[in-house]
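The values are calculated or read from the model by the stated rules, or taken from the named source; none is laboratory data. Quantities reported herein were computed from a predicted structural model and do not represent experimental measurements. Note that each Cβ is placed from the backbone with ideal geometry, even for glycine, and that neighbours are counted across all protein chains shown. All accessible areas refer to the heavy atoms of the entire protein, side chains included, with ligands and DNA or RNA removed. Shrake-Rupley method; radii C 1.70, N 1.55, O 1.52, S 1.80 Å.
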Amino acid sequence: HPPERTGTASAAPTTRLDTRTDAANHTGDSGSGRFSIPVPEGWTVFHNERSDLTSSKTVSFVSPDGHRELAVERFGGYFGDGYSVAVYVRALPKLAAGSKGAFTLRGQSQQGQDQQVSYSTVESALVGSGASLSRTTTARLVRHDNDLWVVRVTVPTQDAARSAKLLNTVFPGFAPAS
């Protein structure tokens with residue numbers, strides 16, 4: 001039997017972070033897309049490429065229980081193609097929730113040279129009367145050379161405070177390669 005947990009939340013062990021290096025380079029991209037970021041120990045990596053706003057590659061690190069995601073998305077050449085951070089924020093409802101989901105922008109602020117956004121999405125079951133899935137994301141939008149980097153943490157909405165907390169823990173260690 002595992003030991004019983006007693007005491008306060010502050011007695012919980014702190015999450016160990018491992019610095020991971022990967023590449024978010026997408027099809028037709030001339031950049032390396034290499035980056036490093038601290039990731040909670042034991043999280044699994046997945047890669048995904050999209051071309052809905054413009055081409056991008058996402059490297060996702062997912063918690064063992066599948067409930068939390070730390071993702072690094074790179075839009076290579078984004079600013080050189082004439083896009084802006086404002087264009088990305090305006091596209092977020094479709095990018096994050098799709099055509100059938102609900103989207104709520106919870107906050108947007110300037111963080112030094114970067115923008116930070118927080119939003120919630122609700123996805124309904126595709127068939128039947130299944131339960132909906134509500135998530136909260138906190139993301140940092142970073143310009144590096146001509147690329148837009150989006151570093152985001154997504155968690156179930158009932159754990160919304162954990163999204164910003166984890167992002168604030170790992171973001172200082174995020175380093176895109178030049």
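A compact table of results
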item	result
For the stretch 72-79, 3J(HN,Hα) per residue [Karplus equation, 6.51 cos²θ - 1.76 cosθ + 1.60, θ = phi - 60°, Hz, x = Gly/Pro]	10, 10, 10, 9, x, x, 3, 6
Segment Ala177-Lys100, extension gain: residue separation times 0.36 nm, minus the distance between their alpha carbons	24.1 nm
Rounded accessible area per residue of the chain, 1.4 Å, Å²	56
Largest to smallest accessible area among His67, His144 [probe 1.4 Å]	His67, His144
The stretch 25-72 - convex hull of alpha carbons, volume per residue in Å³	78
Correct choice for Rg/Rh (Cα atoms, Kirkwood Rh) that was computed from the model, options (1) 1.29; (2) 0.98; (3) 1.02	(2)
Residue range of the chain that is longest and free of trypsin sites (Lys or Arg not before Pro) which are both DSSP loop and sparsely packed (at most 15 other C-beta within 10 Å)	17-99
Residue-span extension gain [Thr19 to Ser36] - 0.36 nm each, minus C-alpha spacing	5.5 nm
Mean separation of Cα contacts under 8 Å, 6 or more apart, over the residue count of the stretch 97-178: relative contact order %	20
Hits among aspartates and glutamates - C-alpha to C-alpha of Lys100 under 14 Å, sequence gap 8 or more where chains match	Glu123
Helix axis angle, 85-97 relative to the chain longest principal axis, alpha carbon, degrees	50
The stretch 31-178, relative contact order in percent, only Cα pairs under 8 angstrom and at least six apart counted	24
Ranked order, Glu123, Glu69, Glu41 - accessible area, probe 1.4 Å, largest first	Glu41, Glu123, Glu69
Extension gain, Asn146 back to Thr27 (0.36 nm per residue minus Cα-Cα distance, nm)	41.2 nm
Nearest 10 degrees, 0 to 90: helix 160-170 Cα axis against the chain principal axis	70
Approximate spin-label separation Ala131-Lys165, in nm, with each point projected 7 Å along Cα-to-Cβ	2.2
Surface/4 estimate of mean projected area, convex hull on alpha-carbon atoms of the stretch 134-178, nm²	3.2
